[in-house]
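All remarks here apply to the structure that follows.
Readers should treat all values here as calculations from the given coordinates under stated rules, not as data from a laboratory. Keep in mind that what you see is a predicted model, and the values were worked out from it rather than measured. Using ideal geometry, Cβ is built from the backbone for each residue, glycine included, and neighbour counts are taken over all protein chains shown.
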Amino acid sequence: MATAPTIDSAALDTLSVNTIRFLAVDAVQKANSGHPGLPLGAAPMAYALWTRYLHHNPRSPRWHNRDRFILSAGHGSMLLYALLHLTGYDLSLDDLKLFRQYDSHTPGHPEYGEAGVETTTGPLGQGISNAVGFAWAEAFLAATFNRPGYNVVDHYTYVIASDGDLMEGVSSEASSLAGHLKLGKLIVLYDDNKVMLSNDTAAAFTEDVKARYTAYGWQVISVADGNNVEEVAQAIADAKRDTERPTLIDVRTIIGFGSPNKQGTNKAHGEPLGAEEVKLTKKALGWPEDAQFYVPGEALEHFRAAIDNGAKWEAEWNDLFKKYKAEHPDLAAQYEAAFSNKLPAGWDADLPATLQPAGSKATATRDANNVALNAIAKHIPTMIGGDADLSGSTKTLIAGQPLFSATNRTARNLQFGVREHAMGAIINGLTLHGGIIKPYTATFMPFSDYMRPPIRLACLMGIGPIFIFTHDSIGVGEDGPTHQPIEQLAALRAIPHITVLRPADANETVGAWKAAMEQTGPSVLVFTRQKLPIYAPDGVIEGVSRGAYIRAEAEGGTPDVLLLSTGSEVSLAMAARDELAKSGIKARVVSMPSWELFRRQDKSYRDQVLPPSITARVAIEAASPFGWHEWTGAHGTIIALDRFGASGPYETVYEHLGITSGAVVSAAKALLGK
């Protein structure tokens, strides 16, 4: 255990706060890049939280019952890195000296996967919105697993957020939902410094933030002096006493505090102070002017008490869980399975290899999606998900389950309301928290644009939520071009590390769900509203898992032409194949539900499905043609859309926009000179 400090507590507080400040200032100055203003101003509030309230274990960063800390104002990353180093995480002083350098452990904005970093933050508003997901996960898991005397899930989610976070619309959506759900273990410290990067906040942001959060149903507490550690500490204590409401602590700070020529101005926000100003700032705050990356021994000893405290807290929890396991063995086994981050044995036991036989009644893939989802969810008790007020259309309700609410925290159906921006960010938080296996969201395909930032961040982090999009094409029909996605498929496919699956019928939908569940990264499932014909199920599950497969072989020998498609347009390719056969043209139909999975196959399989020697290729998809040349080659033809859709019965829209089997037949004949 650490020995008692040799200076009084107030002096130790000041010394420790300044240690945080100048580790940040020195790192930014050495990199000649970064944001020194936030760490200088927000260090006291971060210090109060980390040394007096934050339950964590630096030597066991993924301890299940730790408090979660999210620096939503990710531009101030050196604040977090300084805290992680000082409290004993696997982040050395040398790592701080490599701030913002290539392949370092201290990138410009916090990145998930580095020691002690809970989520990737940078795009403002995402971190605080992720935090709602963390708090939501804690509430669900606590209600699911805790029993009298055994609060095995019992922790807080803390956030430091900036003015910019609260300006972004995504945080408004998420905060509104957090208040509605009474997520009382969410505490946000608002770095209210009245300065943006380019100007004072008064130039663009004069609303009453405290009144807004009060209206959301939050407890709001004000701290007049952000340099007063005791005042901040008291505010956090008051916040924790109200478990019925999330809390916003409005902490009035001074950006770039201590910098004689830059504090309180936007000049302290997004650029190094400069060598001379660094010296002046150190002098103003009583710090050795020429010392760089200086960590006083008494401050380090004080911070490193987190190691012993964390070990004690985790040991106490382990002892509690051991007793819990003895008294509630089934629940404990379920808990351990949930936090293993692995699919449980038998998760796909009820997932049918054939959902519908060939030639059976046409079915919309959104309807087949509901069958597959429920077959999986019945075997994974902590698989939860929801929609943006569209469950009747997306077909994504878990059967027999009510909606999660402030009074029913074990329910597995989540209602996000019409809040796609927040829905994506929250689902990332649910995933990152741990214990929630494959959470999912659902909305209409054109509104994937609203969710692109969190989808991109999920890909960047390599986490595995499932994003479901229905109403996938001009097949939406009468709703018209605002609701008919065109460029969205290409836009989603362009994101690195994503897996997009657009199945062609009910049986491919089962395969798509199975493939999505088996991905370690994020998956996108794209389903139709209109009904689609059912084809032979043989080999479909394996074919979908490989991204593309021979849906129907050419009759009578080597194909003359390859017909490539995804989703609802596979049926057009199948009809074209039959029509071409009447003219003696042998056509192979290749269903390509996932380009990404197909790319991951070995070359021999790809060449088997798409023989390089067959250059006559026609692709058809009711979306942008962007990207299809990868599969059609320079000599192929792409039948797609370079315009927006139209309102009318979907069959009529397809016909007028040229997405037809006849167009495929004509294109194939033209390629073959017939």
Query raised in the report: Of A368, F416, G179, which is farthest along the charge dipole of the chain in the positive direction, counting Lys and Arg as +1 and Asp and Glu as -1 at C-beta?
Result: A368
Query raised in the report: Between A670 and L403, what FRET efficiency comes out of the Förster formula 1/(1 + (r/R0)^6) with R0 = 41 Å and r the beta carbon distance, rounded to 0.05?
Result: 0.15
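Counting pairs of alpha carbon atoms under 8 Å apart in space and at least six apart in sequence, what relative contact order in percent does the chain give?
Details: 1475 pairs, mean separation 81.9, N = 674.
Worked out over the chain, it gives 12 percent.
Based on the mean of other Cβ atoms within 10 Å per residue, sort peptides 105-111, 627-633, 261-267, 602-608 so the most packed one is first. Could the numbers behind the result be given before it?
Working: 105-111: 21.4, 627-633: 16.6, 261-267: 18.4, 602-608: 11.6.
In decreasing order of mean packing, 105-111, 627-633, 261-267, 602-608 become 105-111, 261-267, 627-633, 602-608.
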Report task. Only helical DSSP H runs with n ≥ 4 go in: add -39500 (n - 2.57) per run for the chain, normalise by residue count and round the 222 nm mean residue ellipticity to 500 deg cm²/dmol. Result -> -12500 deg cm²/dmol
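For every other residue with a beta carbon closer than 13 angstrom to the beta carbon of R502, add +1 if it is Lys or Arg and -1 if Asp or Glu, then tell me the sum.
Values: positive: R366, R493; negative: D472, D505, E508, E569, E596, E621.
Spelling it out: positives minus negatives among the neighbours equals -4.
Just to confirm a number: summing +1 for Lys and Arg and -1 for Asp and Glu over residues other than D642 whose beta-carbon lies under 15 angstrom from that of D642, what do you get?
On the way: positive: R643; negative: E487, E621.
Its environment carries a net charge of -1.
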Report summary line: Per DSSP, the loop-located trypsin sites (Lys or Arg not before Pro) within the range 104-198 having at most 15 other beta carbons within 10 Å are K194
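For the range 363-532, how big is the tail of P(r) above 26 Å, as a whole percent of Cα pairs? Write down the numbers at each step before the final one.
Numbers: 2722 of 14365 pairs.
Pairs farther apart than 26 Å: 19 percent.
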Requested in this report: Calculate how steeply helix 420-433 sits against the longest principal axis of the alpha-carbon atoms of the chain, using the helix alpha-carbon long axis, and give the answer as 0 to 90 degrees to the nearest 10.
Outcome: 70
Query - Whole-Hz couplings from phi, Karplus 6.51/-1.76/1.60, listed for the range 54-60; x for Gly and Pro - result: 6, 8, 7, 10, x, 8, 9
Query raised in the report: Using the Karplus equation 6.51 cos²θ - 1.76 cosθ + 1.60 (θ = phi - 60°), what ³J(HN,Hα) coupling, rounded to whole Hz, does each residue of the range 630-643 give in order, writing x for Gly and Pro?
Result: 4, 9, 8, x, 5, 9, x, 10, 10, 9, 8, 10, 10, 8
Query raised in the report: Going out from 0 in 5 Å bins, what whole percent of all Cα-Cα distances in the range 408-495 drops into each bin?
Result: 3, 14, 23, 23, 18, 11, 5, 3, 0
Report summary line: Non-local residues with an amide H under 5 Å from the amide H of M196, with H modelled 1.01 Å from N and Pro and chain starts lacking one, are T201
Requested in this report: Please determine, in degrees from 0 to 90 and to the nearest 10, the orientation of helix 126-145 with respect to the longest principal axis defined by the Cα atoms of the chain, where the helix direction is its Cα long axis.
Outcome: 90
Report summary line: Listed with the fewest Cβ neighbours within 10 Å leading, V371, V500, V418 appear as V418, V371, V500
Report summary line: Cβ-Cβ cut-off under 15 Å around D225, Lys and Arg +1, Asp and Glu -1: the net charge is -4
Report task. Please report how far the C-alpha centroid of the range 15-52 lies from that of the range 556-585, rounded to the nearest whole angstrom. Result -> 64
Report task. Report which label in (i) 28.0, 94; (ii) 25.0, 80; (iii) 28.4, 109 holds the value of Rg and Dmax of the Cα atoms in Å derived from the coordinates of this structure. Result -> (i)
Requested in this report: May I ask what percent, to the nearest 5, of DSSP beta bridges between residues of the chain are antiparallel?
Outcome: 10
Report summary line: The exposure ranking of Y150, Y102, Y89, fewest beta-carbon neighbours within 10 Å first, is Y102, Y150, Y89
Query raised in the report: Of the peptides 326-335, 243-252, how do they stack up when ordered by the mean number of other Cβ atoms within 10 Å, highest first?
Result: 243-252, 326-335
Requested in this report: Enumerate the amide H contacts of I70 below 5 Å, restricted to partners 5 or more residues apart or on another chain; note that Pro and chain-start residues carry no placed amide H.
Outcome: Y158, V159, I160
Query raised in the report: In whole Hz, what ³J(HN,Hα) sequence does the range 595-612 give by Karplus (6.51, -1.76, 1.60; θ = phi - 60°), x for Gly and Pro?
Result: 4, 5, 5, 5, 4, 7, 6, 6, 4, 5, 5, 4, 6, 5, 6, 10, x, x
Query - the range 546-671 - percent relative contact order, Cα under 8 Å, separation 6 or more - result: 28
Report task. Would you order M167, M451 from fewest to most other beta-carbon atoms within 10 Å of each residue's own beta-carbon? Result -> M167, M451
Requested in this report: Under a cut-off of 17 Å between alpha-carbon atoms, report the lysines in cross-link reach of K342, not counting same-chain residues fewer than 8 places apart.
Outcome: K378, K438, K514
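Of all GluC sites (Glu not before Pro) in the range 137-223, which ones are in loop regions per DSSP and have a Cβ with at most 14 other Cβ atoms within 10 Å?
Qualifying residues, ordered by number: E207.
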